[in-house]
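Just below is one structure, and these are the notes that go with it.
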Amino acid sequence: MCGRFTLHTPESRIREAFHLEHAEPLGLAPRFNIAPSQDIPVVRDTETGPEMVLARWGLVPGWSKEPKTRYSTINARIESVAEKPTYRTPFRHRRCLIPADGFYEWQVVNGHKIPHYIRMRDGDVFAFAGLWDHWEDKEKSLESCSIIVMPANELMQPLHERMPAIIAPAHYDLWLDPRITDKDEIMQLLNSAPSGALQAYPVSPWVNLPKHDDERCIQPAV
């Protein structure tokens, strides 16, 4: 699964990486411990080009009777994302990129969970494969999202059996294109980053509490 991640890259670099030079800025603050149910930036397609908006992490389908679900929707499993009622329409028509510069996973060692931080070796921003949806009633509306997860690559396997799907920059435009609706064609874009592009290292248990949102979360454990 993917239950915590970071986005401390300056917004100017995020806008450059995702070709958002003409989109409205969000005034993003550095985040070192993003947790489910919080608002996160997502990049999606519009008729006038890509935009970046805030969406709640935990997808609420548009057909839901209320702005919450009975089960966790922070992650959508790649094996069932195209068929499950919650995700199948967003998978074909409402895909998004979720900017990140790292994520956390907890490795179980002798009964203890050891947090690790995983990022690109060059430290640059990258993109999780995401889905978004819009919910509304007579009183309010909600934008929400989910991160697609897949079997772990070689780097991640010692830490956890699954990892977030990472979209290659060359595929950003295709992933966002709502005209691409064929399941197999979409699945081909879900390329997890090669093991060699990522690095992982243990960090302090400081990250275990979501309220701890500072640079200490990503500092290597002593």
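Brief remarks on what is shown
- Screening P61, P36 for residues that are open to solvent by less than 60 Å² (accessible area, probe 1.4 Å), in contact with a Gly (Cβ under 7 Å, 6 or more places away or on another chain) and either in a loop (DSSP other than H, G, I, E, B) or among the basic types (K, R) (or both) leaves exactly one candidate, P36.
- Restricting F128, F91 to residues that are farther than 24 Å from E215 by Cα and buried (at least 18 other Cβ atoms within 10 Å of the Cβ) narrows the list to F91.
- Tally of residues being open to solvent by less than 40 Å² (accessible area, probe 1.4 Å) and closer than 25 Å to R77 by Cβ across segment 201-215: 1
- Taking the numbered list (1) free of Cβ contacts under 8 Å to residues at least 24 places away in the same chain; (2) under 13 Å from C2 (Cβ atoms); (3) open to solvent by 80 Å² or more (accessible area, probe 1.4 Å) in turn, E83 passes all entries but (2).
- Flag for G111 being among the small types (G, A, S) and open to solvent by less than 20 Å² (accessible area, probe 1.4 Å): no
- All of I186, I218 fail the test of being under 14 Å from G102 (Cβ atoms), β-branched (V, I, T) and open to solvent by less than 90 Å² (accessible area, probe 1.4 Å), apart from I218.
- In segment 145-176, the residues that are open to solvent by 10 Å² or more (accessible area, probe 1.4 Å), of a type in the set (A, V, I, L, M, F, W, C) and under 16 Å from A127 (Cβ atoms): M150, A168, A170, L174, L176
- Once segment 11-22 is narrowed to residues that are touching a Pro at 6+ places or on another chain (Cβ under 8 Å) and not in a helix (DSSP H, G or I), the residue that is surrounded by the fewest Cβ atoms within 10 Å (Cβ to Cβ) is H19.
- Candidates in segment 186-201 are the residues that are at pLDDT 95 or above and either in contact with an Asp or Glu (Cβ under 7 Å, 6 or more places away or on another chain) or not hydrophobic (A, V, I, L, M, F, W, C) (or both); of these, the one that is nearest to R15 (Cα to Cα) is Q199.
- For segment 77-123, filtered to residues that are part of a strand (DSSP E or B) and of a type in the set (K, R), the residue that is farthest from the chain's Cα centre (by Cα) is K113.
The values are calculated or read from the model by the stated rules, or taken from the named source; none is laboratory data. Treat the numbers as computed from the prediction; the structure is a model and nothing was measured. No Cβ is skipped: glycine too gets one built from the backbone with ideal geometry, and neighbour counts run over all protein chains shown. Heavy atoms of the whole protein, side chains included, go into the accessibility calculation; ligands, DNA and RNA do not. Shrake-Rupley method; radii C 1.70, N 1.55, O 1.52, S 1.80 Å.
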